[in-house]
């Protein structure tokens, strides 16, 4: 299993990927608001990698393009 979180400059969103599937997506604007509008219960824990940094990638980049062969 491979996973990553990516501050994608093309979509201007923080994306969480697992084995070739997008599992969470948050617009970049969210990270610049003065008040946090997302209740913790509704925020995917894998997206909690700190401040927005354009192009930041945490984890395995293969998670974006590589499907888990066991699921096929």
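Nothing in this text is a laboratory measurement; each read-out follows from the coordinates by a stated rule. Everything quoted here is computed from the prediction, not taken from an experiment. Positions of Cβ are backbone-derived with ideal geometry, glycine not excepted, and every protein chain shown enters the neighbour counts.
Can you tell which of 59, 50, 46 is farther than 13 Å from residue 1 by Cα and in contact (Cβ under 8 Å) with a residue 12 or more places away in the chain? Show your work before the answer.
Working: 59 fails: farther than 13 Å from residue 1 by Cα; 50 fails: in contact (Cβ under 8 Å) with a residue 12 or more places away in the chain.
Just one listed residue meets the conditions, 46.
Of the residues making up segment 26-40, one or more are in a strand (DSSP E or B), surrounded by fewer than 17 Cβ atoms within 10 Å (Cβ to Cβ) and out of contact with any helix residue (DSSP H, G or I) (no Cβ under 9 Å at 6 or more places or on another chain). Residue check: residue 23 meets all listed conditions (1) under 12 Å from the mean Cα position of the chain (by Cα); (2) surrounded by 12 or more Cβ atoms within 10 Å (Cβ to Cβ); (3) farther than 16 Å from residue 67 by Cα but one, namely (3).
Are any residues in segment 43-57 loosely packed, with under 15 Cβ neighbours inside 10 Å and outside any loop (DSSP other than H, G, I, E, B), and if so, which ones? The answer is 45, and nothing else. With respect to the conditions (1) out of contact with any strand residue (DSSP E or B) (no Cβ under 8 Å at 6 or more places or on another chain); (2) in contact (Cβ under 8 Å) with a residue 12 or more places away in the chain, residue 34 falls short on a single one, namely (2).
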